[in-house]
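K.L.:
Dropping the structure in here first, questions after.
The values are calculated or read from the model by the stated rules, or taken from the named source; none is laboratory data. Values in this document were obtained by computation on a predicted structure and should not be read as measured data. Virtual Cβ from ideal backbone geometry, glycine too; neighbours counted across all protein chains shown. The accessibility values were calculated without ligands, DNA or RNA, using every heavy atom of the protein model including side chains. Shrake-Rupley method; radii C 1.70, N 1.55, O 1.52, S 1.80 Å.
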Number of protein chains: 2
Amino acid sequence: MADEAPFQFLHNEMIQYIYKTAENGETENGRNITKLETMGFRVGQGLIERLTKDTARYKDELDVMKFICKDFWTCVFKKQIDNLRTNHQGIYVLQDNKFRLLSQMSAGKQYLDQAPKYLAFTCGLVRGGLSNLGVKSIVTAEVSVMPACKFQVMIQKV
Amino acid sequence: MADEAPFQFLHNEMIQYIYKTAENGETENGRNITKLETMGFRVGQGLIERLTKDTARYKDELDVMKFICKDFWTCVFKKQIDNLRTNHQGIYVLQDNKFRLLSQMSAGKQYLDQAPKYLAFTCGLVRGGLSNLGVKSIVTAEVSVMPACKFQVMIQKV
């Protein structure tokens, strides 16, 4: 349990810092989310480079997604994605039933409005990881009941 | 090796972000170091709470320091402190021969001037951890040849 704690605490501090140094307002919230997403993107890029150093090439897009759900997720969150679904047309839904970066918050709907800032970094993380595997994507997140969380990946065909 | 990577990458992003958003100048550098140290302090406080949840009380100050060198260090950096020395008068020197947050940088003296910003968070981390164990301290760091690093802890008697 303590294994992923340094990462979690640092992640929380970073959110707090970004929100504290910014001015208030709706526009600013959007900008903070973007900053967090960008940070995640770069961390995702770095992680993929390190994780795939000795692995073989991936067969196809689905194979890449499975790698993200297993190895990549385990590296960051010490667990795998619980469920991966796809419409086979470039949309993937990754479901984590106990998402670590939300698990410190009260379960249920009480702090649902606070969820986006705790998800932005991870959306970027996935997008950055995929990007370095040659898959361009848009990643969004959705929470209905904490700490469960769904990440939707829309592959951008080039 | 990939285990501590998310933390390392996030730590780097945080430093970059803090330095990027600040204005230039000598004073600002000091302020950034303080910001990083403060973040580390809070992360250290949180970590100690989680790590010591089920442990017995510590016999004395030296016992606390040993805990920091072993369990605490391993939790964050996946290795122990290599050498702990004390003058038995409230000064402790913790030496890490391969400090993870410096290991990505070129060994030797080339980037020695960049070291302080990579050490500030960890100084805070140790200070925060000790603080939550009832030990008030001042923590500074010193690098002579990367990636080896010494943290000096000066206990503040109350």
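K.L.:
Here is a check on your reading of the model: is B:LYS35 at pLDDT below 95 and surrounded by fewer than 16 Cβ atoms within 10 Å (Cβ to Cβ)?
P.N.:
Details: at pLDDT below 95: yes; surrounded by fewer than 16 Cβ atoms within 10 Å (Cβ to Cβ): no.
In short, no.
K.L.:
Report, ordered by the first and then the second residue, all pairs with beta carbons closer than 7 Å, sequence separation of six or more or different chains, a first member in segment A:104-118 that is open to solvent by less than 40 Å² (accessible area, probe 1.4 Å), and a second member that is modelled with pLDDT under 85.
P.N.:
Pairs found: none.
K.L.:
Further question on the same structure: Please work out if A:GLN8 is buried (at least 17 other Cβ atoms within 10 Å of the Cβ), within 11 Å of chain B (Cβ to nearest Cβ) and at pLDDT below 95.
P.N.:
Numbers: buried (at least 17 other Cβ atoms within 10 Å of the Cβ): yes; within 11 Å of chain B (Cβ to nearest Cβ): yes; at pLDDT below 95: yes.
It is true that A:GLN8 is buried (at least 17 other Cβ atoms within 10 Å of the Cβ), within 11 Å of chain B (Cβ to nearest Cβ) and at pLDDT below 95.
K.L.:
Which number in (1) without any contact (Cβ under 8 Å) to a residue 12 or more places away in the chain; (2) under 12 Å from A:LEU125 (Cβ atoms); (3) not aliphatic (A, V, I, L, M) marks the one condition that A:ARG85 misses?
P.N.:
(2)
K.L.:
Restricting attention to segment A:45-61, which residues are assigned to a helix (DSSP H, G or I), open to solvent by 30 Å² or more (accessible area, probe 1.4 Å) and within 15 Å of B:ALA5 (Cβ to Cβ)?
P.N.:
Pass one, segment A:45-61, residues assigned to a helix (DSSP H, G or I): A:45-51, A:61.
Subsequent filtering for residues that are open to solvent by 30 Å² or more (accessible area, probe 1.4 Å) retains A:45, A:49-51, A:61.
Those that are assigned to a helix (DSSP H, G or I), open to solvent by 30 Å² or more (accessible area, probe 1.4 Å) and within 15 Å of B:ALA5 (Cβ to Cβ): A:GLN45, A:GLU49, A:ARG50, A:LEU51.
K.L.:
Within the bounds of segment B:81-103, is there any residue that is open to solvent by 40 Å² or more (accessible area, probe 1.4 Å) and on the phi > 0 side of the Ramachandran plot? I'd like the intermediate steps shown before the answer.
P.N.:
Taking segment B:81-103 and keeping what is open to solvent by 40 Å² or more (accessible area, probe 1.4 Å), we get B:82-89, B:91, B:95, B:97-98, B:100.
After this cut, where a residue has to be on the phi > 0 side of the Ramachandran plot as well, the list is B:88.
There is at least one residue in segment B:81-103 that is open to solvent by 40 Å² or more (accessible area, probe 1.4 Å) and on the phi > 0 side of the Ramachandran plot.
K.L.:
Residue under question is B:SER131, and the condition is that it be in a helix (DSSP H, G or I), within 23 Å of B:THR86 (Cβ to Cβ) and open to solvent by 10 Å² or more (accessible area, probe 1.4 Å); does it hold? Break it down stepwise before answering.
P.N.:
Details: in a helix (DSSP H, G or I): yes; within 23 Å of B:THR86 (Cβ to Cβ): yes; open to solvent by 10 Å² or more (accessible area, probe 1.4 Å): yes.
The answer is yes for B:SER131.
K.L.:
Right, next: All but one of (1) at pLDDT below 95; (2) open to solvent by 20 Å² or more (accessible area, probe 1.4 Å) hold for B:PHE41; which doesn't?
P.N.:
With (1) at pLDDT below 95; (2) open to solvent by 20 Å² or more (accessible area, probe 1.4 Å) applied to B:PHE41, the lone miss is (1).
K.L.:
With the structure loaded, tell me whether B:VAL64 is in a helix (DSSP H, G or I), within 11 Å of chain A (Cβ to nearest Cβ) and in contact (Cβ under 8 Å) with a residue 24 or more places away in the chain or whether it fails that test.
P.N.:
Numbers: in a helix (DSSP H, G or I): yes; within 11 Å of chain A (Cβ to nearest Cβ): no; in contact (Cβ under 8 Å) with a residue 24 or more places away in the chain: yes.
No; evaluated as a whole, the condition is false for this residue.
K.L.:
Please specify each residue of segment B:13-32 satisfying the condition of being open to solvent by less than 50 Å² (accessible area, probe 1.4 Å), charged (D, E, K, R) and within 13 Å of chain A (Cβ to nearest Cβ). So that I can check it myself, show each step before the final result.
P.N.:
Filtering segment B:13-32 down to residues open to solvent by less than 50 Å² (accessible area, probe 1.4 Å) leaves B:13-15, B:17-18, B:22, B:25, B:28, B:30, B:32.
In the following step, the residues that additionally are charged (D, E, K, R) were identified as B:13, B:28.
Within segment B:13-32, B:GLU13 is the sole residue that qualifies.
K.L.:
Next up: Give me the pairs: first residue in segment B:37-51 and more than 9 Å from every other protein chain (Cβ to nearest Cβ), second residue among the hydrophobic types (A, V, I, L, M, F, W, C), beta-carbon distance under 6 Å, and six or more apart or on different chains, which are they?
P.N.:
B:GLU37/B:ALA120; B:GLU37/B:CYS123
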